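As structure tokens, the structure follows; a few thoughts come after it.
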Amino acid sequence: MEAYRNAWRQSIDDPRTFWGEAAKAISWYREPTIILDDSRAPIYSWFADGEMNTCFNALDRHVQNGLGDQLALIYDSPVTDTKATYTYAQLLDEVARFAGVLGDLGVEKGDRVVIYMPMIPQAVISMLACARLGAVHSVVFGGFAAHELAMRIEDARPKVVVSASCGIEVARVIEYKPLLDAALDESSHKPDKCVIFQRIQAEAPMLAGRDVDWVDAMSRATPAECVHVLATDPLYVLYTSGTTGRPKGVVRDNGGHAVALQWSMPNIYDTSPGEVFWAASDVGWVVGHSYIVYAPLLAGCTTLLYEGKPVGTPDAGAYWRVIAEYGVKTLFTAPTGFRAIKREDPQGALLANYDLSRFRYLFLAGERLDPETYSWASEQLDVPVIDHWWQTETGWPIAANLMGLDPLAVKPGSPTVPVPGFDVRIFDESGVEVGPGVEGLIMIRTPLPPGCTSSVWGDDNKFFEAYLSYSPGYYLTGDGGHFDEEGYLFVMGRVDDVINVAGHRLSTGEIEEIIAGHPDVAECAVIGVADDLKGQVPRALAVLKAGVDRDHAVICTELVARVRNQLGAVASLHQVDVVTALPKTRSGKVLRKSMRAIADGVDAPVPSTIDNPDTLEALKTILRPE
Ligand code: COA
Ligand code: AMP
């Protein structure tokens, strides 16, 4: 505990020394002299006058240091029966040429590029190529439908969109190009060009004058050099669900991001250059950004891009096969993947087929790690199972068991302790800090450490209002939890309208907006309810407009389809119920918390401010689990 405590204490008491030291692990064109700029507090900047390039740090410097022949990227795709590898020199060559393609299409420092791609190497190459040019990428998860893509294009205003003809969901081919075309029809902003990577599973028709073929453009490209950027220049924007219907563009800078991720690899993940690190996530999520693409490459590791699922591609031994085949040391994924494996192979029988002797750690995040999944994974794998807690906004873990710095005893249900740089506090609902054992809102004292978001894209005010206005000097995480007497943090779940479905972050407000847009719906409420596999799934209650006499079952089917078509299949909304009224307070606020409690079978007191208690009572027959 002592090494951890000392590091954490120094990071809080003397952040300039702590992060100034960490910054030495990054190659700078101009070393930062201003480590922390607090002149615009509560908006802080790290390494304000430093100049660097993230792609240079992820690729070029390793090649220059003689690691050119080491594997940088392994692509394993059971859904297409393809495997490929890229050494650092090969990946650099691809990235530099694709940066040349983007440059020829007019992309310059500061321009945005939207990337809408499945889990193929071209997605990683596109991201790094943007970083090389100082352009700002915005990756949109492939499971999002056209409307979600359109909202992001509208907000990010990209010069170019990079996409592929299709993705593959187990055995189902999902054509991306029609979704992209529909999104561009809907969006008022039109990019100049779309670069399309054609996959043989579904070739996409191209629009003359706008669409550019990836392979064709690459065959003519001249490699582009790294562009110098300020540490504070944006590297990417990643949209994430908040409490409103519109996703927020989380902005990540270059310098702080590189320093934080580089620091995290040895200290949190205990993974060194040359070792194989596998984040089984998707490049469309923050875990994919940080731990499929940037951190392993910044640290000179080999990263793994897996286009498959934990089960069904072909079976529940898929993860063990990948770990054994490539000598994975560290696996990072979401608990839901392990619940899926456990459901199909409860005894872990498939493990016997694989040699996992090089496997050392399983890190889990993205949702609460339930003690049952923790115990099952620990027993089956015989390696430390590390729960760690973070958010798109922070970009790296807020709380973890730091395996490279000072491994601590595990307490199931707790992601252990705050990571150096994060001064975590618990507040009650009136904004007063509470002590150990008391449940409350989890806040982080500002400044947040390097790597955390510095703004909402195009809107500093929104950043301030969403995260910093609740209590001056503190960042509102949106999660609830408590510390125990020994300083272990317990994260119990969101206290706002964000839900986590199979590790995918969704906004109930956004689903409500889509349902409310149906012509027969007067009002609705969406809540997250517990689910054995996915952790949470949404359930919707809809009140119909007076006079609507269509069959309720037909309307519910239409509402399910509407959410799937507008948000995407990942919403996993399968149950909508028509009700006569929603429970509300006298001031008209829908009592979602009370509904959630009923659905989860928890006996919560009925709020004294309720206007229509009968409505809540009536919901028991609909929501209460058997
Ligand atoms: N493109 C298109 N569709 C996608 C998609 C993508 N990239 N990702 C998911 N979908 C679809 C799925 O095919 C599914 O469609 P369906 O309703 O027609 O079956 C739907 O979205 C829901 O997906 P998901 O919630 O992932 O459920 P699933 O039943 O397909 O798989 C798990 C369940 C647990 C196997 C899966 O969620 C998983 O592998 N999770 C791993 C954790 C993870 O990657 N988390 C990300 C953050 S770390
Ligand atoms: P995302 O921004 O998609 O990474 O989702 C962030 C949210 O996921 C957090 O605010 C938490 O609600 C949840 N989360 C992530 N990791 C954990 C964890 N280890 N324990 C509990 N909740 C988690």
| message | Could you tell me how far the Cα centroid of segment 384-423 sits from the Cα centroid of segment 296-335, in Å? | response | 21 Å
| Residue list for segment 384-420, given a label point 7 angstrom along the Cα-to-Cβ vector of Ser272 and an amide N cut-off under 17 Å | 403-407
| So if we plug the beta-carbon distance of Ala546 and Ala182 into 1/(1 + (r/R0)^6) with R0 = 45 Å, what FRET efficiency do we get, rounded to 0.05? | 0.85
| Loop trypsin sites (Lys or Arg not before Pro), segment 24-97, which have at most 12 other Cβ atoms in a 10 Å radius of their Cβ (DSSP) | Arg40
| message | Would you report the distance distribution of C-alpha pairs in the chain as whole percents per 20 angstrom bin, up to the bin with the largest distance? | response | 19, 55, 24, 1
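Just to confirm the filter: which GluC sites (Glu not before Pro) across segment 103-172 are DSSP coil and have at most 15 other Cβ within 10 angstrom of their Cβ? List each step's numbers first, then the result.
Values: sites: Glu108, Glu148, Glu154, Glu169; in loops: Glu108.
Of the GluC sites (Glu not before Pro), the ones in loops of segment 103-172 whose Cβ has at most 15 other Cβ atoms within 10 Å are Glu108.
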| query | Between segment 93-158 and segment 496-526, how many Å separate their Cα centres? | reply | 28 Å
| request: Taking amide H positions as placed in the peptide plane 1.01 Å from N, state which residues far from Gly493 in sequence (5 or more) or on other chains have amide H under 5 Å from it. | output: Gly480
| At a 1.4 Å probe radius, carbon and sulfur cover how many percent of the accessible area of the chain? | 50 percent
| Surface accessible to a 1.4 Å probe, per residue, for the residues of segment 498-623, Å² | 46 Å²
| Reference-scaled alpha-carbon Rg (2.2 N^0.38 Å with N residues) for segment 498-623 | 1.02
| said: Taking 56 Å as R0, compute the FRET efficiency from the Cβ-Cβ separation of Asn461 and Asn353 and round it to 0.05. | reply: 0.50
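Assuming R0 = 41 Å, what is the FRET efficiency of Ala171 and Met492, from their Cβ-Cβ distance, to the nearest 0.05? Provide the component values of the computation, followed by the final result.
On the way: r = 38 Å, r/R0 = 0.92.
Approximately 0.60, to the nearest 0.05.
Could you tell me what % of all Cα pairs in segment 427-535 have separations over 25 Å?
Numbers: 2173 of 5886 pairs.
Cα-Cα pairs of segment 427-535 separated by over 25 Å account for 37 percent.
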| said: Rolling a 1.4 Å sphere over the protein heavy atoms, what is the accessible area per residue of segment 26-95, to the nearest Å²? | reply: 42 Å²
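In the chain, what percentage of the DSSP-assigned beta bridges are antiparallel, given to the nearest 5?
Details: 60 of 98 bridges.
Bridges in the chain are about 60 percent antiparallel.
Return one whole number: the accessible area per residue of segment 162-241 in Å², for a 1.4 Å probe.
On the way: 3670 Å² over 80 residues.
Each residue of segment 162-241 exposes 46 Å² on average to a 1.4 Å probe.
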| Points 7 angstrom from Cα along the Cβ direction at Val215 and Asp600: gap in nanometres? | 5.1 nm
| field | Label-point separation, Asp13 to Glu379 (7 Å along Cα→Cβ), nm | value | 4.5 nm
| request: For Tyr474, list long-range residues whose amide hydrogen, built 1.01 Å from N in the peptide plane, is under 5 Å from its own amide hydrogen. | output: Thr446
| field | Two-site label geometry, Met1 and Asp428: point separation in nm, points 7 Å out along Cα→Cβ | value | 2.7 nm
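Given only helices, namely DSSP H runs of n ≥ 4 each adding -39500 (n - 2.57), what is the per-residue ellipticity at 222 nm of the chain, to the nearest 500 deg cm²/dmol?
On the way: 17 runs with 171 residues, N = 626.
It lands at -8000 deg cm²/dmol.
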| request: May I ask for the percentage of alpha-carbon pairs in segment 115-236 that lie more than 18 Å from each other? | output: 52 percent
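The values are calculated or read from the model by the stated rules, or taken from the named source; none is laboratory data. These figures come from a predicted structure and were not determined experimentally. Neighbour counts are summed over all protein chains in view; Cβ atoms, including those assigned to glycine, are modelled from backbone coordinates with ideal geometry. The protein model used for the area step is the full one, side chains on, heavy atoms only, and it has no ligands, DNA or RNA in it. Shrake-Rupley method; radii C 1.70, N 1.55, O 1.52, S 1.80 Å.
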